[in-house]
Every structure is written in structure tokens, then in C-alpha cells.
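K.L.:
For reference, the structure I am asking about is given below.
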Amino acid sequence: MSEELIEVGDGFWNIRGKFRIGGVVNVGTQASLVRLATGGFVLLDSYTLPAGILAKVYALTDGGQAVQAILNLHPFHTIHVAAAHKQFPKAALYGSSRHVDKAPDLPWQALRVDDAELHALFAPDLEFSVPKGVHFIHKNPDVHFSSVLAYHPASKTIHVDDTFNHMGLPLVGGVSLHPTLAKALIREPGAAKAFQDWARALIERWSEARNLCAAHTSPLLHQDDLAEQMRAALKKVDGKLQSHSKRNGG
């Protein structure tokens, strides 16, 4: 996985980045640039843009001046936040409570990325959804399941970190839910059903989506059956959800 700027279409660009586990294995990461109907831009997630990509983004955004906000959608994606703020210093900076705790000296906005009030600010250009039945910020830092999912109707693109994945590999590839789902589920009655209901409703509401930009993997583009692929991914975790219900109550 290399660093590149991919024009998905209709005002949406996906930025593929590098992220190495233990400094060795590159599992990749992402950010996305979205053009709003007003002509301004929003960055979904933070990444330290290398010179070549930064030049392209600056060319699109009046030297970065048109980037109005940076929305850090995943509580555990914090490494590039300071660098992104430096590259786009005039953009309003939003994050989760964990982002604020990790980088308290940055000029964070009062609203958090999981606040409905923030989501309303960017409607109808973007729609957002926070998974239900799971911890948004898990006490175990290795459980990275939950994030704020974003949908850009104009380009029919879903931007998601970890919650849904896509692996472009034969046999073991395809759309899937992050493997830490079982650990992420809240240990209380009804949590598994709440998650399942949320996921089903999300897939139905965003059924016109054709592109899935997921962190750590590769973008899945121009898919007429994306909703069906996401339903199949949800079906594959039925066993985990049923086991959780048996242990904690339906």
C-alpha cells in the first residue's frame, strides 16, 4: 500500500497512507477530502500529507485555505492529528474526547465528532452514523472497532475506519466487519441486537452507496452490489452476536 490521492468522483478524494505495525508491516491508513456544495472542503481524518499529495490538495483547495474543517472520526487514530493541523491551520479541528485527551494543546472545537449537533453542521453534504451496542472508546486500546462512519451522497461513497473493512485478496478478501467486534460489544442485555439493528438500518439507509473507503485496506470502488456485500459481512458475524446474547441476555 502506497501513498496516493484517488479521485473517487463528484467531489470526493481518498488519500491512501502508510502505517506500519511495529515499524515493519505496512497495513495502511487513510483520510478523505470532500468538496462541499458551498465550494469549501472538509478533511475526514488526519494524515501527514507527503509533498506530492499535499501539492495536489493545495491546488484543489486554494493552498489549503478552503479546507474548513478536519473531522477525526476514529478515536484511536491520533498519530497524524498535529501534522494535519499544521498543514491546514485555518481548518476547524474536531475529534473525539480521546483525541482531546491525547493532544490537549491543539485548538479543538467544543463539539465532538460523535455529537449529533456537529453532524447537522455538514448536512446534507455528509451523513454520519455512530455504531450502537458497542463501546465508542473502549478501555482496551487494542479494540479499534468503533468509529464515526461518514457517507457522501454526491459521490455515493462511505468513508469508514475499521468498523467495516475491505481486503482486496482472493479467497480471504471482500467486505468484513473488524475482528474486534466481540470485544467491542457492551456487556449488557440487548447490546448485540442493538448493533445488528444499527448495521441493518445503516446498510438500508445508505443502500445507494457504490464506493467503500476503509482504513488499513484498500478502497472498494464502483460496486453496484455494495449493500449486498455489507449485508453478507454482517451475516458472517451472526455467531458472535448470538454468543454475546446468550452470555449477556438478548
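The values are calculated or read from the model by the stated rules, or taken from the named source; none is laboratory data. Everything numeric in this text was worked out from a predicted model, so none of it was measured. Note that each Cβ is placed from the backbone with ideal geometry, even for glycine, and that neighbours are counted across all protein chains shown.
K.L.:
List every residue pair whose Cβ atoms sit under 9 Å apart, with the two residues 6 or more apart in sequence or on different chains, where the first one lies in the range 39-54 and is touching a residue at least 60 places away in the same chain (Cβ under 8 Å) and under 19 Å from Pro75 (Cβ atoms) and the second, anywhere, is surrounded by fewer than 23 Cβ atoms within 10 Å (Cβ to Cβ) and among the aromatic types (Phe, Trp, Tyr).
P.N.:
Qualifying pairs under 9 Å: Val42/Phe122.
K.L.:
Among the residues in the range 2-9, are any out of contact with any Pro (no Cβ under 9 Å at 6 or more places or on another chain), surrounded by 14 or more Cβ atoms within 10 Å (Cβ to Cβ) and modelled with pLDDT of 95 or more?
P.N.:
yes
K.L.:
Which number in (1) surrounded by fewer than 20 Cβ atoms within 10 Å (Cβ to Cβ); (2) of a type outside the set (Lys, Arg); (3) more than 14 Å from His166 (Cα to Cα) marks the one condition that Gln223 misses?
P.N.:
Here Gln223 meets the rest and fails (3).
K.L.:
Mind listing whichever residues of the range 137-171 are of a type outside the set (A, V, I, L, M), within 19 Å of Leu33 (Cα to Cα), part of a strand (DSSP E or B) and without any contact (Cβ under 8 Å) to a residue 60 or more places away in the chain?
P.N.:
Scanning the range 137-171 gives a single hit, Tyr151.
K.L.:
Looking at the range 67-94, which of the residues that are of a type in the set (Gly, Ala, Ser) and out of contact with any helix residue (DSSP H, G or I) (no Cβ under 9 Å at 6 or more places or on another chain) is nearest to Gln30 (Cα to Cα)?
P.N.:
Ala84
K.L.:
Can I ask one more? Quick check: anything in the range 35-55 more than 21 Å from the chain's Cα centre (by Cα), among the aliphatic types (A, V, I, L, M) and under 19 Å from Ile6 (Cα atoms)?
P.N.:
Yes, the conditions are met somewhere in the range 35-55.
K.L.:
For a quick check of your reading: which helices (runs of 4 or more DSSP H) sit entirely within the range 37-136 and have at least 3 residues that are under 24 Å from Ile203 (Cα atoms), out of contact with any strand residue (DSSP E or B) (no Cβ under 7 Å at 6 or more places or on another chain) and modelled with pLDDT of 95 or more?
P.N.:
Helices (runs of 4 or more DSSP H) meeting the threshold: 116-121.
K.L.:
Yes or no: the range 222-238 includes at least one residue that is modelled with pLDDT of 95 or more, over 30 Å from Ala154 (Cβ atoms) and not charged (D, E, K, R).
P.N.:
Yes, there is a match, as at least one residue in the range 222-238 is modelled with pLDDT of 95 or more, over 30 Å from Ala154 (Cβ atoms) and not charged (D, E, K, R).
K.L.:
Next question, about the same structure. Could you tell me which of the residues Ala209, Ala184, Ala215, Ala191 is surrounded by fewer than 22 Cβ atoms within 10 Å (Cβ to Cβ), in contact (Cβ under 8 Å) with a residue 24 or more places away in the chain and either of a type outside the set (Phe, Trp, Tyr) or over 21 Å from Val42 (Cα atoms) (or both)?
P.N.:
Going through Ala209, Ala184, Ala215, Ala191 in turn, the sole match is Ala209.
K.L.:
Determine if the range 144-155 includes at least one residue that is of a type in the set (A, V, I, L, M, F, W, C) and over 23 Å from Pro75 (Cβ atoms).
P.N.:
Yes: the range 144-155 contains one or more residues that are of a type in the set (A, V, I, L, M, F, W, C) and over 23 Å from Pro75 (Cβ atoms).
K.L.:
Then there's this: Where residues in the range 140-179 are among the hydroxyl-bearing types (Ser, Thr, Tyr) and under 24 Å from Asp115 (Cβ atoms), which of them is surrounded by the fewest Cβ atoms within 10 Å (Cβ to Cβ)?
P.N.:
Checked the range 140-179; the qualifying residue surrounded by the fewest Cβ atoms within 10 Å (Cβ to Cβ) is Tyr151.
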